[in-house]
1. Out of curiosity, is W74 assigned by TED's automatic domain parsing to the domain that holds V48 and under 21 Å from A53 (Cβ atoms)?
2. Can you find even one residue in segment 149-159 that is of a type in the set (K, R), assigned to a helix (DSSP H, G or I) and touching a residue at least 40 places away in the same chain (Cβ under 8 Å)?
3. Out of the residues in segment 63-107 that are among the charged types (D, E, K, R) and out of contact with any Ser or Thr (no Cβ under 6 Å at 6 or more places or on another chain), state the one that is farthest from K124 (Cα to Cα).
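The values are calculated or read from the model by the stated rules, or taken from the named source; none is laboratory data. These figures come from a predicted structure and were not determined experimentally. All Cβ positions, glycine included, derive from the backbone under ideal geometry; neighbour counts span all protein chains shown.
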Amino acid sequence: MARGRPKTPIEKMKARSPDGTTPGHRKLLVPTSPTRPERAVPELPEGVTGRGAEEWERVWTAGFWLKRDQDYHWVEMIVRAYSDIAVYRAAVAEAGLIVTGYAGQQVANPLIAEIRKLEATIQKCLQVLGFSPTDRAKLAIVEEKAQNAVQRMIDSRREALSQ
């Protein structure tokens, strides 16, 4: 049984290190993700039509950082919500904003509440994927840190090869 403190994750040590080394001056190599974003738009999920199909194309092309194997289901939730909203809005247009309730009273069409829930789902999924201004700002910071790390790695490699 191991005793003492658990090992500090490499990412945490790297975040604390100003020059990318351990306290013992060993270089920290942070493992990278084995997956890369694909630039091609995946095939449209079955049953998605109308606005959902438009959004499918729009999200995959705008989200150049999206990874098909990790983000597919988030994008699918977005486009299915858009498709459902179109169906619900057509039903509301046909039945009206006010309908008769179970006891004969006048009530707001319950599909309006469902539309609002779907809109909240879309908003949440877009935030998770990095499409809100705040999340784009966070993503830019992460990308900048990654670029700096890559540049430091290239520079250190060149330095090692020149010696």
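1. Details: assigned by TED's automatic domain parsing to the domain that holds V48: yes; under 21 Å from A53 (Cβ atoms): yes.
So W74 fits the description; yes.
2. Step one: filter segment 149-159 for residues of a type in the set (K, R), giving 152, 157-158.
With assigned to a helix (DSSP H, G or I) added as a condition, the list becomes 152, 157-158.
The next check asks that each one be touching a residue at least 40 places away in the same chain (Cβ under 8 Å); those that pass are 152.
Yes, that holds for at least one residue.
3. The extreme case among them is E94.
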